[in-house]
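Laboratory data are not the source of any read-out in this text; all were calculated from the coordinates shown. Just so we're clear, the structure is a prediction, and the values are computed from it rather than from any experiment. Cβ: placed from backbone, ideal geometry, glycine included. Neighbour counts: every protein chain shown.
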Amino acid sequence: MKKFQGDVKNLIDNVSVPTNRLNNTVNQAIETAKSQKNVRFHKKQKLWASVASMLVLALGSLLLTTHFLGAADKQEQESILYAQGHAGLQRMVEEDRQTNLSLVALDKNIKVTIEEGYLDNSELALSMTINMPQNMNLYSNSNMYEPTLHGELFVNGISRSNFSYSHHSIKHDYTFETIYTLDQTRNIQENDEITIEIDNINGVDGNWRFSFHLEKEEEYIENRDYTTVEDAIGNSFYIGTKRLSPTLLEFTAKTTIVEGEPLEGFSTYEMSVIAIGDDGEMFIQDWYSRGSNQYEAPYHPEEFPFTLGESVKVSRSVDAYTYRVTPYIASYNAREVIIPDGGIGYNWDRIAVPLEKGAIISTESPVEVLAIIQEEEHTIVHITMDPSIPVMPRIAERGSKDHTKAISYKINDNFIEVKYPKLEELKSQEIFMFDATYQVFPELTQKFSLK
Amino acid sequence: MSKIRSFFKLSEEHNFEELIKAEQAKLYKIAYSYVKNEQDALDIVQDAVIKGYKSYHKLNEKNYFSTWMTRIVINSSIDFLRKSKDVISLESEWFDTGRNEENKTIVKMDLEKIFNELKPEQKTLLILRFYSGYTVPEIANILEKREGTIKSQLHRTLSEVKKKLGNEGGEYYEEVSGRC
């Protein structure tokens with residue numbers, strides 16, 4: 001006890017204090033507080049005028065938004081499954097394959113609404129809205145702005161899962177939106193009664209209970225064939241059982257890399273997963289989860305050789321059945337950042353240029369922009385780059401940390417045609433690559449078809 | 001009457017300024033424990049001092065000034081993290097070292113790294129219990145939670161610390177656990 005207490009105390013006590021800056025900060029804060037106290041009275045007088053202006057502005061914005069939103073867009077805009085779900089769930093919403101539920105339970109002045117549900121043979125997803133009473137002190141109750149939620153899911157009265165989490169999207173100050181997901185859903189049938197019982201929200205005991213049925217997407221393809229490929233050096237890549245539902249592709253994989261280029265910077269072991277469309281369009285698929293039960297699984301390899309056995313889930317952004325998987329190692333120049341929920345993350349450095357004809361991204365293997373074409377729903381960019389590089393350039397509004405990923409690409413004789421979601425205001429956009437080197441293992445590429 | 005009031009207000013302000021000088025280093029260290037960045041920690045202290053100054057007249061028992069300001073700085077730190085979440089979560093790419101939910105790998109790490117990886121509310125418990133030295137009932141009072149809730153959250157946090165410390169942390173933790 002004393003050792004632990006001492007260590008925690010030392011940990012914080014050893015933080016060096018910038019005495020002069022701290023003195024200045026505190027003095028300045030006191031002066032600011034004094035001056036704010038003095039102006040409070042004057043501010044009150046101005047408040048009503050400001051409120052009136054804001055009402056006019058808000059009403060104006062609301063009218064404009066309502067006018068311009070199309071019906072289909074509106075559904076996607078309002079769907080929590082779309083806003084917070086992975087690419088496979090987003091596609092289900094786009095194709096209207098979710099069940100709209102709108103079930104409400106109210107207890108202790110906290111309103112919980114189950115908005116939508118989706119069920120197939122790989123996952124069950126429910127979206128929820130939580131409205132907290134305005135007198136609840138969200139900070140002091142949980143020390144987290146988002147409420148904590150605890151509950152249980154039953155299928156035909158039998159408990160399937162306890163859940164407890166606190167990561168929600170904040171819609172308004174007292175309204176939160178979240179998605180609950182359950183995997184291994186093959187034995188849940190369309191007519192089964194699904195019950196959600198929430199018994200505690202943000203420390204408040206209560207009873208928020210919902211019972212309902214969900215339509216089920218039955219498509220499920222399982223392929224138990226396995227293939228191992230090996231290159232001349234002895235590196236090998238195994239893909240085992242593959243399972244496919246409308247939203248997810250799952251497979252097991254084992255990679256052994258005995259030799260490669262020296263690893264510098266922040267290295268990660270990755271896989272490029274491409275869904276191949278009927279006309280040869282290559283759709284870039286993101287992984288949804290990767291898991292290994294290995295001790296110290298080498299997701300960030302530091303040396304060779306290494307072996308990684310894992311289970312991979314990929315979000316299906318497109319209704320394709322042929323996939324190409326290529327292992328590679330990416331080594332990034334990265335900066336460490338603190339993740340707000342705790343932990344350490346890494347921001348990868350970008351090499352960015354304005355999105356315009358003739359622009360060249362000066363990466364190790366340069367990328368040149370040949371043309372930009374605006375289509376009705378997409379922005380198409382023609383580029384030249386080394387086609388063996390496993391990632392496509394991304395686009396970001398200048399100064400923004402957000403960015404847009406490529407949807408798909410086609411390799412033509414003299415250029416690569418890359419498709420992005422429709423981008424407005426091209427003048428303010430930049431095209432960029434991460435400052436990284438890629439070790440690709442093309443001889444280990446596996447291709448499989450599940451139809 | 002107004003002169004007496006003004007005098008009282010003046011002495012109260014002086015009192016706040018004196019008290020905050022004695023606490024400011026400690027408050028900075030707590031803020032820094034959350035954000036690990038000098039400028040952000042200074043911003044948090046500034047925010048907390050402004051809030052404290054404005055509400056100081058509501059603090060009836062001045063002996064609790066330290067506890068009261070600790071609570072304000074903790075809330076300001078969490079508020080800061082919540083606000084920066086909107087910004088940071090839009091960052092191009094980051095690699096969460098805990099990205100692999102199915103990975104049951106237990107990696108032995110030192111206490112500082114483990115502490116940095118804890119959630120803000122877990123850090124709060126360790127700071128209040130083991131840095132500030134508050135008892136469980138006092139923490140419950142500060143965080144406006146039931147003692148039972150604090151005990152179970154502290155237990156869960158220490159279990160997590162134990163797990164991450166690996167075998168080496170086992171005995172270490174058992175000692176800690178006995179006193180919670």
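Structure notes:
- Remark: for residue pairs A:Lys9/B:Lys62; B:Lys26/B:Lys151; A:Lys405/B:Lys119; B:Lys123/B:Lys162, the C-alpha separation exceeds 18 Å in A:Lys9/B:Lys62; B:Lys26/B:Lys151; A:Lys405/B:Lys119.
- Peptides B:53-62, B:67-76, A:318-327 ranked from most to least packed by the mean count of surrounding Cβ atoms within 10 Å: B:67-76, A:318-327, B:53-62.
- Cβ-derived FRET efficiency at R0 45 Å, A:His378 paired with A:Val17, nearest 0.05: 0.25
- Cα-based shape type of the stretch A:350-434, given that a ≥ b ≥ c are square roots of the gyration tensor eigenvalues and the cut on a/c is 1.5: oblate
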